[in-house]
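Colleague: What follows is a single structure, and I will ask about it in a moment.
The values are calculated or read from the model by the stated rules, or taken from the named source; none is laboratory data. It should be emphasised that the depicted structure is a prediction, and the values quoted were computed from it without experimental measurement. In this analysis, Cβ positions are derived from the backbone assuming ideal geometry, glycine residues included, and neighbour counts consider all displayed protein chains. The protein model used for the area step is the full one, side chains on, heavy atoms only, and it has no ligands, DNA or RNA in it. Shrake-Rupley method; radii C 1.70, N 1.55, O 1.52, S 1.80 Å.
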Amino acid sequence: MTPVKFYFDFLNQASRSLYILLEASKIPFEAIPISMVKGEHLTGEFRDKVNRFRKLPAITDHGYQLSESVAIFRHLAREKLVPEHWYPHRQLGRSRVDEYLAWQQSNMDVACTDYFQQKWLVPYLQKTRPSDHAVNSASKKLEHTLNDFEELFLNSRKFMLGDNISYADLSAICEIDQPKCIGYNTFKNRTKLARWYEAVREELGPYYSDVHKEFEAKLKLTKAQQQQGEKQARAVEQ
């Protein structure tokens with residue numbers, strides 16, 4: 001079987017969720033890291049040879065180029081041997097997963113990404129301090145979104161669809177990690193969210209923990225590079 005070429009950056013939450021899915025499903029793939037902070041996804045070569053939208057994650061499967069994380073997930077579910085629990089046919093499971101993924105695109109993804117950008121990415125790229133106004137605004141939106149997620153999608157069952165983990169759980173935990181790993185108090189007054197998060201993390205085991213460690217390491221390394229650049233800039237000014 002020809003391996004899927006998977007282009008990713010662990011700073012990107014969708015890259016992490018699809019990487020974990022590929023690993024956990026034992027789908028043969030070639031992991032090709034791309035640095036978003038270096039702009040490697042914006043080059044003409046990446047556009048022409050990998051993804052005309054210049055976005056991550058992306059795959060090439062038997063010469064077919066595909067982007068957009070939800071489209072990639074559904075392609076893998078159709079074309080590869082993905083275990084049933086990720087995208088279950090029974091009890092309208094696929095409809096429930098699709099419902100969450102549609103909600104996520106205009107809610108969870110927007111809120112988590114905005115907070116991450118305002119608190120961490122924009123200051124890194126512009127070599128400035130975070131804007132208090134922008135961070136506070138993003139924080140309020142994120143708080144509202146997490147409350148909605150807990151109320152709308154979590155219940156007394158272990159996972160979003162019941163006793164078995166699905167791709168909705170995997171995608172959601174990777175989204176939530178985006179603000180959580182840069183200091184947002186994700187679980188304050190959210191006991192259901194905390195319980196669900198621990199259940200998902202435990203169920204995913206090393207597939208999740210290994211990728212999560214890589215994400216945290218990239219955050220620390222990039223932050224250290226930023227601080228070094230600031231020191232050099234101050235030295236030049238002096």
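Colleague: Whether any residue in the range 56-75 is within 27 Å of GLY162 (Cα to Cα), assigned to a helix (DSSP H, G or I), at pLDDT 95 or above and open to solvent by 70 Å² or more (accessible area, probe 1.4 Å) is what I want to check.
Modeller: Yes: the range 56-75 contains one or more residues that are within 27 Å of GLY162 (Cα to Cα), assigned to a helix (DSSP H, G or I), at pLDDT 95 or above and open to solvent by 70 Å² or more (accessible area, probe 1.4 Å).
Colleague: Out of the residues in the range 88-129 that are modelled with pLDDT under 95 and either on the phi > 0 side of the Ramachandran plot or not in a helix (DSSP H, G or I) (or both), state the one that is least open to solvent (accessible area, probe 1.4 Å).
Modeller: Ranking the qualifying residues of the range 88-129, first place goes to THR128.
Here is a yes/no grid of residues against (1) within 25 Å of LYS26 (Cβ to Cβ); (2) surrounded by 14 or more Cβ atoms within 10 Å (Cβ to Cβ):
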| site | (1), (2) |
| --- | --- |
| ASN185 | no, no |
| LYS188 | no, no |
| PRO206 | yes, no |
| LYS213 | yes, no |
| THR222 | no, yes |
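Colleague: Here is a list of conditions, (1) open to solvent by 20 Å² or more (accessible area, probe 1.4 Å); (2) in contact (Cβ under 8 Å) with a residue 24 or more places away in the chain; (3) not in a loop (DSSP other than H, G, I, E, B), and VAL82 meets all of them except one; can you say which number that is?
Modeller: Unmet for VAL82, out of (1) open to solvent by 20 Å² or more (accessible area, probe 1.4 Å); (2) in contact (Cβ under 8 Å) with a residue 24 or more places away in the chain; (3) not in a loop (DSSP other than H, G, I, E, B): (3).
Colleague: Would you confirm whether any residue within the range 223-231 is among the basic types (Lys, Arg), on the phi < 0 side of the Ramachandran plot, at pLDDT below 95 and not assigned by the TED database to the domain that holds PRO33?
Modeller: First, the residues of the range 223-231 that are among the basic types (Lys, Arg): 223, 231.
Keeping just the survivors that are on the phi < 0 side of the Ramachandran plot gives 223, 231.
Cutting the leftovers down to at pLDDT below 95 gives us 223, 231.
Imposing the further condition that a residue be not assigned by the TED database to the domain that holds PRO33 reduces the set to 223, 231.
Within the range 223-231 (the criterion being among the basic types (Lys, Arg), on the phi < 0 side of the Ramachandran plot, at pLDDT below 95 and not assigned by the TED database to the domain that holds PRO33), the answer is yes, since at least one residue qualifies.
Colleague: For the range 141-162, how many residues meet the condition of being open to solvent by less than 50 Å² (accessible area, probe 1.4 Å) and either β-branched (Val, Ile, Thr) or in a helix (DSSP H, G or I) (or both)?
Modeller: Residues in the range 141-162 being open to solvent by less than 50 Å² (accessible area, probe 1.4 Å) and either β-branched (Val, Ile, Thr) or in a helix (DSSP H, G or I) (or both): 7 in total.
Colleague: Is it true that some residue in the range 25-48 is among the basic types (Lys, Arg), assigned to a loop (DSSP other than H, G, I, E, B), crowded, with 17+ Cβ neighbours inside 10 Å and in the same structural domain as PHE8 (by the TED database)? Before you say what the answer is, go through the steps one by one.
Modeller: Our first condition is that a residue be among the basic types (Lys, Arg); within the range 25-48, this holds for 26, 38, 47.
Checking the rest, the ones that are also assigned to a loop (DSSP other than H, G, I, E, B) come to 26, 38.
Cutting the leftovers down to crowded, with 17+ Cβ neighbours inside 10 Å gives us none.
The answer is no; no qualifying residue exists.
Colleague: Exactly one of these conditions fails for VAL135: (1) open to solvent by less than 60 Å² (accessible area, probe 1.4 Å); (2) without any contact (Cβ under 8 Å) to a residue 60 or more places away in the chain; (3) closer than 25 Å to TYR7 by Cα; (4) part of a helix (DSSP H, G or I). Give me its number.
Modeller: Every condition holds for VAL135 apart from (3).
Colleague: Can you name the residue in the range 163-181 that is surrounded by 16 or more Cβ atoms within 10 Å (Cβ to Cβ) and over 15 Å from SER17 (Cβ atoms) and is also farthest from the chain's Cα centre (by Cα) among such residues?
Modeller: Ranking the qualifying residues of the range 163-181, first place goes to ASN164.
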